[in-house]
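**Q** For reference, the structure I am asking about is given below.
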Amino acid sequence: MAEEKTTSFANIHGEDWEVKEISVYGAAKAFIRQLSVGMDLTHVSIPAIFLLPYSILEFVAVRMTSAFHLLLDLPKEKDPRKRLEGVLQYALGSSKPEDLTLNHKPSNSVLGEVHKARCDHGDGTHSYVMCEQVVHHPPTSAFDVHNPAHGVRVAGNMLFGVLFHSNSVTVEIKGGIKVYLTLPDGSEEVYLLEEGIPDMFIKNVLLGTKYVYWTGHLTVKCPSTGYMAQMVYGFKDNKNTVNGIIWNANDKVEKKEPPKPEKSPGWASRWAKATVSAAKATAKFSTGWIYDYEGEDAWLNNLKLPFEPELVQARFGGVCGDENYVYPGPLRKKDEPVDPNPEKYLLVNARQVHSEECSVYPSPDKLQPNSSIAIWRPVGEALVAGDIEQADIKKTEVEEEQRAIRKNREEEFVPEYFELDSDDGWEFWHIKDRKWYETDSFGLCAE
């Protein structure tokens, strides 16, 4: 008899429950069903009709590993800028067009929930995934993905927030990601993505034609090489665009002092000083560079970090979930015409990035009671079966059990697998034991 295999609904794609439109009547009915006379409204939770059949930890594990294999050969790359571009490949290649078709959200993971998994790659190596819900409020999910054979790790914290604007929703994603590469000389190189992944904006949630697109900023910084990139997401001509620049913070611009104006007496002197001050304030025309960008370069005005235009080594951009190109060379100066056929090379085509997402989990007899699959399986099964009422009942059972656990907890909760530090300038939950899978008793280690 074949051994029973543990599965996650997060590995099932293209099903009706992912893209099914939310009924206004069904949503209202689900909310009303929870109400009773004298009830504390803070205990009214999001109805199951809005949910996917898996938790946030399962979602994070699948999303952050789907394109993880793009990083595996990066430690061998000798060019530090190419390594940065490899990290950009991973960031942009992880954004799939189908991400923007989901009409539902994962269940909020409960405090202390864990999710363990393994990726089996085409080259025969394995990556190990650990996720844990480390904070209840604000709800924070910590994760770590490690491929020991290639010396590549991705660690991250995800804080998901949902802002409602009548008929639209912004899904804010905070916390940050760190990409670690162990180079051939044994040194470790880290790339800091303080925003983690971009926010998502959903327009016309219940009424009207729905639009979903990524929005906001994303920065990548490598402190050891000085290479940096920043990008901005937008929506133009019905396309979700992304544009960015690459430069090295260690490069310096030789500043030339402008000639001092001849002194003029009285009002003439004051007028001259005011004119010079105004020119410096707008930063136009003083260096020959466009600082107030217009037309197709207007996205540069929205970049978050200050940068020296003279130091930009390349720009990149394209359509989210599709083709993105690198355009090597400096930014165009103000008097230079737009090149209709600029030099470019493909950075990544997200449509052609095959998924190697985690899909191996501890066997059913080794699942921890606080594992994502064990906690949320009854809710997920009801959702997949289309039994929303039963899903609400099972979801309420999970929430009431968690309230009882929090009420009876005598000591402050301490995560089992992650701890807090601020080594890179912001508070970050990192894994306590990078090789947890070697001593873990739940059967994932394949080394």
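**Q** Would you check if SER372 is open to solvent by 20 Å² or more (accessible area, probe 1.4 Å), modelled with pLDDT of 80 or more and within 26 Å of the chain's Cα centre (by Cα)?
**A** no
**Q** Across the stretch 391-447, what is the number of residues that are within 30 Å of SER127 (Cα to Cα) and not small (Gly, Ala, Ser)?
**A** Summing the residues that are within 30 Å of SER127 (Cα to Cα) and not small (Gly, Ala, Ser) in the stretch 391-447 gives 30.
**Q** Can you pull out every residue in the stretch 328-358 that is at pLDDT below 95 and among the hydroxyl-bearing types (Ser, Thr, Tyr)?
**A** SER355
**Q** Next up: If I go through the stretch 224-234 residue by residue, how many of them are part of a strand (DSSP E or B) and more than 18 Å from the chain's Cα centre (by Cα)?
**A** Going through the stretch 224-234 one residue at a time, the tally reaches 1.
**Q** Given (1) surrounded by fewer than 19 Cβ atoms within 10 Å (Cβ to Cβ); (2) under 17 Å from the mean Cα position of the chain (by Cα), identify the lone condition not met by SER66.
**A** SER66 satisfies all of (1) surrounded by fewer than 19 Cβ atoms within 10 Å (Cβ to Cβ); (2) under 17 Å from the mean Cα position of the chain (by Cα) except (1).
**Q** Only one of ASP424, ASP392 is outside any loop (DSSP other than H, G, I, E, B), surrounded by 13 or more Cβ atoms within 10 Å (Cβ to Cβ) and either in contact (Cβ under 8 Å) with a residue 40 or more places away in the chain or of a type in the set (Asp, Glu) (or both); which?
**A** It is ASP392.
**Q** Any idea which of (1) of a type outside the set (Ser, Thr, Tyr); (2) assigned to a strand (DSSP E or B); (3) exposed (fewer than 14 other Cβ atoms within 10 Å of the Cβ) is the one GLU254 doesn't satisfy?
**A** All conditions pass for GLU254, except number (2).
**Q** Mind telling me which of the residues ILE173, ILE197 ends up being β-branched (Val, Ile, Thr), open to solvent by 10 Å² or more (accessible area, probe 1.4 Å), within 24 Å of PHE418 (Cβ to Cβ) and not in a strand (DSSP E or B)?
**A** Within the list ILE173, ILE197, the selection yields ILE197.
**Q** Since ILE202 meets every condition but one in (1) under 20 Å from the mean Cα position of the chain (by Cα); (2) more than 21 Å from ILE56 (Cα to Cα); (3) among the hydrophobic types (A, V, I, L, M, F, W, C), which condition does it not meet?
**A** (2)
**Q** Now, a different point. Any residue at all in the stretch 74-83 that's surrounded by 23 or more Cβ atoms within 10 Å (Cβ to Cβ) and in contact with a strand residue (DSSP E or B) (Cβ under 6 Å, 6 or more places away or on another chain)?
**A** Yes - at least one qualifying residue is present in the stretch 74-83.
**Q** Same structure again: Quickly run through the stretch 154-168 and pick out the residues that are open to solvent by 10 Å² or more (accessible area, probe 1.4 Å) and part of a strand (DSSP E or B).
**A** LEU159, PHE160, GLY161, VAL162, LEU163, PHE164, HIS165, SER168
The values are calculated or read from the model by the stated rules, or taken from the named source; none is laboratory data. Worth saying up front: this structure is predicted, and the values here are computed from it rather than measured. When we count neighbours, we look across all protein chains shown, and the Cβ atoms used for this are built from the backbone with ideal geometry, even at glycine. Protein only, heavy atoms only, side chains kept; ligands, DNA and RNA dropped before computing areas. Shrake-Rupley method; radii C 1.70, N 1.55, O 1.52, S 1.80 Å.
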